[in-house]
Amino acid sequence: MNEPRFPNDEREDPWIVVQVSSDEHWNAYHDIRRAVLFEARELIGYDANHPDDRRDGHFPLLLLLENTPVGAARLDLMDDAAAWVRTVAISAECQGKGYGRTLMAGLEKLASQHGVKRLLVNAARDAVGFYGALGWTVVEAGGETPVLTKELRTGPQW
């Protein structure tokens with residue numbers, strides 16, 4: 001597999017976060033997001049061809065557990081050492097097992113490698129506690145999706 005892997009420290013882990021590039025991984029990325037963020041919430045309108053997924057500076061990511069895709073997210077770089085975290089989803093059968101934390105660790109590693117110092121996310125209300133447990137703070141509580149932020153540490157994280 002030629003996809004960038006995070007953490008990239010040559011460890012043999014049962015999990016790895018990869019940047020999506022192969023057709024197989026694009027399909028898994030969209031399947032997870034569609035099932036968790038749309039179908040499970042009885043929403044319609046998922047767009048597997050949304051241009052933001054392939055825009056420069058946007059990094060679609062998959063969490064693989066023993067080469068099986070179990071989570072998806074996207075990191076969107078901004079030009080002020082900040083980045084937005086988008087569409088974080090863990091497959092239903094894997095939720096509540098720490099894989100969301102693992103996915104976010106890989107995403108933060110990638111963000112740090114790109115000089116990001118601050119992450120932002122529009123979180124679903126039912127995900128605010130998840131982000132809070134990972135050190136995120138609410139900066140805008142109103143609306144359907146509160147905005148949270150997290151300052152990233154500098155230096156090695158692994």
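Tabulated data
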item: The chain, accessible area per residue, ligands and nucleic acids excluded (1.4 Å, Å²); result: 55 Å²
item: Among (1) 1.03; (2) 0.93; (3) 1.24, the entry derived from the coordinates for Rg/Rh (Cα atoms, Kirkwood Rh); result: (2)
item: Equivalent-ellipsoid semi-axes of the range 12-78, from the Cα gyration tensor, Å, largest first; result: 20, 16, 10
item: Spatially proximal lysines relative to residue 109 (Cα-Cα < 19 Å; intrachain offsets below 8 disregarded); result: 117, 150
item: Whether the range 93-158 is rounded, prolate or oblate, judged on the alpha carbon gyration tensor where a/c under 1.5 counts as rounded; result: oblate
item: Apportionment of accessible area to carbon and sulfur, the chain, percent (1.4 Å); result: 47 percent
item: Relative contact order (percent, whole number), the chain, Cα cutoff 8 Å, 6+ residue spacing; result: 18 percent
item: Of 63, 43, 103, the one that fluctuates the most in a GNM where the chain has Cα springs shorter than 10 Å; result: 43
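The values are calculated or read from the model by the stated rules, or taken from the named source; none is laboratory data. As the structure is a prediction and not an experimental result, all values here were calculated from the model. Side chains are part of the model used for accessible areas, which takes the heavy atoms of the whole protein and leaves out ligands, DNA and RNA. Shrake-Rupley method; radii C 1.70, N 1.55, O 1.52, S 1.80 Å.
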